[in-house]
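The structure appears right after this line, and notes come after that.
Every read-out reported here was derived from the displayed coordinates using simple, explicitly stated rules and does not represent laboratory data. Bear in mind the structure is a predicted one, so any value in this text is a computation, not a measurement. FYI the Cβ positions are ideal-geometry reconstructions off the backbone, even for glycines, and counts take in every protein chain you see.
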Amino acid sequence: MWVPKGLEGVIVASTELTKIDGQAGRLIYRGYDATELAGNVPYEAVAHLLWLGGLPAEAELLQLREKLGRSRALPVVVEDFLHSVAKVAEPLSVLQTSVSILGGLDSTKSASTVNASIALTARMPTIVASFNRFRHNASPLQPRADLSHAANYLYMLTGKEPRPEHVRALDSYFTLLADHGLGASTFVARVAASTLTDVYSAVVAAISALKGPLHGGAPIYVWEMLQSIGRPESAREWLRECLAKGDRIMGFGHRVYRTEDPRSKVLKRLAKELVKPDLFHLASTVESEARELLREDHPNRVIDTNVEFYSSLVLDAVGIPPELFTCTFACARSVGWTAHIVEQRKDNRLFRPESEYKGPADLDLHGLQKTEA
Ligand code: ACO
């Protein structure tokens, strides 16, 4: 059986986690609209929903918060690694290697899948924040168990008590990015999990896929694009040149959505509240000019803003440096990756598709076609 390149439209797994309606532009987590969850329930409650099947009662939420809070600290071996590479290595690779080290430690090997998911989700922000502090000649801060997941991340990055509006915005971002069906990284995580490898190794695989600019690597390019355009009046010409060179406009287009990404609408609202009016005006001008140009080029295909376009503004506004945008995406998505790993393991079958061989047939050791005897 031949399936389309990129597996477009092919169903390769069943899930109770996330439904995406690409035509209507809706994203649903276990029956709840992700855009309604964002900002109305804390990210930890969304994690509970995805990992454990339902939104938590108050006591369950407290218990999960407490568990996350006490799992945040890093083993010394990971801290030492972060210290040694902080000045020379690229952030997402460092996060990936740190996750890999965590997974190789005796203390993590025996954890149940859900407990490993919680511990990993708790530690990923500590890895990113500690790395960033080493990078800037500062010592890492001890994580604070009294703060929410989002608040603790901001605290560990900046060393300051985070502003409530920044915590709310980052918490909403985390919820909106928590899961998204079988995006390339989640698919890779499920493929790895299908071999019965451990949670950490499956997440290491997912991070590799997230790194590419067609997936989670985009927000820094969106940020650089906005910096490079500089003024709203320059947007149209800049975008025209970009398209004329055959380049893609970052933060636009999606494999599944045939309308505006619903996450983008929420992030745009947050960006409007948080960023300086000039920057918001620049971004919204770029958005409308790009939409128009892409419509001219592709009248039969809707190419609209995806989650990455306004993410870059929101993350910058809450104090996250652009080089950590994709790591922050990974911190948010750790819940979705691990929930998919848990789900894959519950009803597992090893992923093993086939490929159509198009190479040469029957060569001898001199590289010549073998002749029939
Ligand atoms: N800018 C310009 N043209 C585009 C864009 C874009 N952002 N997106 C799609 N197109 C064009 C393609 O050039 C192609 O044109 P053609 O048919 O004339 O060759 C057509 O639209 C279809 O493109 P595909 O690559 O088939 O669309 P696909 O569904 O595979 O692409 C993708 C999805 C990879 C996200 C694409 O839209 C893209 O590259 N966007 C820019 C990068 C980006 O924003 N990535 C973040 C995605 S969101 C996330 O992963 C969390």
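Sites counted here are GluC sites (Glu not before Pro) in a DSSP loop (not H, G, I, E or B) having no more than 16 other Cβ atoms within 10 Å; the longest part of the chain that contains none of them is 17-353. Exposed loop sites here are trypsin sites (Lys or Arg not before Pro) in DSSP loop states with at most 11 other C-beta atoms within 10 Å. What is the longest stretch of the chain lacking them? With trypsin sites (Lys or Arg not before Pro) excluded where exposed in loops, the chain gives 1-86 as its longest stretch. Placing +1 on each Lys and Arg Cβ and -1 on each Asp and Glu Cβ, with no other charges, gives the stretch 1-118 a dipole about its Cα centre of roughly 160 debye. Net charge dipole, the chain: roughly 400 debye, given to the nearest 20, about the Cα centre with Cβ charges of +1 for Lys and Arg and -1 for Asp and Glu.
Once the Kirkwood radius over Cα pairs is known for the stretch 242-373, the Stokes-Einstein relation at 25 °C and 0.890 mPa s delivers a diffusion coefficient of 129 µm²/s. Within the chain, the longest run free of chymotrypsin sites (Phe, Trp or Tyr not before Pro) that sit in a DSSP loop with at most 12 other Cβ atoms within 10 Å is 3-356. Principal axis extents of the C-alpha atoms in the stretch 113-271 (largest first, rounded to whole Å): 49, 43, 30. Computed log10 I(q)/I(0) for the stretch 224-320 at 0.13, 0.23 Å⁻¹: -0.42, -1.27, from the Debye equation with unit scatterers placed on every C-alpha and solvent omitted. Shown for 146, 171: other C-beta atoms within 10 Å of each C-beta, ranked fewest to most, produce the order 146, 171. Label zone (residue 77, point 7 Å along Cα-to-C-beta; backbone nitrogen cut-off 14 Å) within the stretch 100-138: 100-110. Each residue of the stretch 111-126 is assigned a 3J(HN,Hα), and the resulting list reads 5, 5, 4, 5, 5, 5, 4, 5, 5, 5, 4, 5, 8, 4, x, 5 Hz, derived from the Karplus form 6.51 cos²θ - 1.76 cosθ + 1.60 (θ = phi - 60°), x at Gly and Pro.
The magnitude of the dipole of the stretch 196-309, with charges of +1 and -1 set on the Cβ of Lys/Arg and Asp/Glu and taken from the Cα centre, is near 240 debye. As a proxy for reagent exposure, ranking 366, 149 by other Cβ atoms within 10 Å from fewest up yields 366, 149. With the charge dipole of the chain set up from +1 on Lys and Arg Cβ and -1 on Asp and Glu Cβ about the Cα centre, the Cα lying farthest toward the positive end among the listed residues 318, 176, 118 is that of 118.
Ranking 157, 13, 281 by how far each Cα lies toward the positive end of the dipole of the chain (charges on Cβ) leaves 157 at the top.
Projecting the Cα positions of 69, 371, 244 onto the charge dipole of the chain (unit charges on Cβ atoms of Lys, Arg, Asp and Glu, taken about the Cα centre) puts 69 furthest along the positive direction. With all projection directions averaged, the alpha carbon convex hull of the chain covers 23.4 nm².
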